[in-house]
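Data first, discussion second: the structure below is written as structure tokens.
Derivation of every value follows stated rules applied to the coordinates shown; laboratory data play no part. Keep in mind that what you see is a predicted model, and the values were worked out from it rather than measured. Quick reminder, even Gly has a Cβ in these numbers, built from the backbone with ideal geometry, and neighbours come from all protein chains shown.
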Amino acid sequence: MRGFKTLLWLEYRRSRVWAAAFLGSLAFWFWGLNQVTVRDFAERAGIRVAIVGVAAAVGLVVLCFMIGRLRGETRHGQYQVLLLTPPSGYVHVLARAVFALAAGIVYYVILGGLLWWVAARAGIHPDAGSVLQLLLAGPFYGIGSVVLPFLSWTVLLMVFSSAFRLSGPSWIPGIVMVAGTPFLFRWISEGIVNVSYRLPAWSMFGGFTRLIEAAEMDIETEVVITSQGALVPQEPLWIMLALSVVMLAIAGRIWQEVEG
Amino acid sequence: MTQAFLIVLRLMALALLGYFAYRLWLGTRSWTTRAVAFVFTGALAWQFIAGTW
């Protein structure tokens, strides 16, 4: 792990403006949520949940742009910060992924908090377990199964394209990877669907959905509504996490071979 | 007519992909990079030859 702390600090120096703007955009989304003034509470909550969904998607794009800025590390071919020992490609990629992941975790946990706020404003006050699922389990599931794979793919794309920088245009590897990914992803997603629910599924937001149903039916919460919430399969999370690690390892290996 | 047009289109796409594969193979000396290029080029070639969406 030689040089990891230095590279993490370098990553912070390079991307702090991006990270600050990224996290600062949450204020904009919170302002947007406050602008929804539809009278019907269910409709209002639905619009607000949709806004949080848009915030999650936009945040993912911004994170991908942040992690994909490879050339910002050097200026005229020279490192902006002098590194006494050249760190390995794996450490470079790891530092990049860790910094972006940390920013993403903060962002998506706060988005979970905004969802909690939306629920509270709609008159739904979930139990402690549901709040923890909203703040931690949900965001971490999304980060592991969606955000981290996207970030790893972006790093691999940029490293793979940059490997051809000296020999010719990097748009050829870029086009091949971008065009080939949907087909590979189609096969991977078919595989994920085939193996899903073989392991015990996770029941999430049980208390939350019980409250929503109670609110919709206009009855007391104590009335028995046996909602289990959403049954979330755990296989997509493990498969996408493994895939992310593989993509980051390949990116590190390419970095090592090309730059080392 | 449509069938023939699609076959010609596929052949042209395969020819372009072959050129890309040639450039990707010779454009680097890193075997990991070549392997990644092979995976994505192979996925595209498979799609052009036998793929249905």
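In terms of the mean number of neighbouring beta-carbon atoms within 10 Å, the peptides A:54-64, B:34-44 order highest first as B:34-44, A:54-64. Scanning residues 5 or more positions from residue A:69 or on other chains, none has an amide H under 5 Å from its amide H, with H placed 1.01 Å from N in the peptide plane. Each residue of the stretch A:112-126 is assigned a 3J(HN,Hα), and the resulting list reads x, x, 5, 4, 4, 4, 4, 5, 4, 5, 8, x, 9, 10, x Hz, derived from the Karplus form 6.51 cos²θ - 1.76 cosθ + 1.60 (θ = phi - 60°), x at Gly and Pro. Compared with the dominant Cα axis of chain B, that is its longest principal axis, helix B:31-50 is turned about 10°. For the stretch A:80-169, applying the loop criterion from DSSP together with a ceiling of 15 other beta carbons within 10 Å to the trypsin sites (Lys or Arg not before Pro) yields A:165.
Need one word for chain B: rounded, prolate or oblate. Basis is the Cα gyration tensor (sqrt eigenvalues a ≥ b ≥ c); a/c below 1.5 gives rounded, then a/b vs b/c decides. It comes out oblate by the Cα gyration axes.
Between amide H atoms placed 1.01 Å from N, distances below 5 Å from residue A:203 occur with A:232, all of them 5 or more places distant or on a separate chain.
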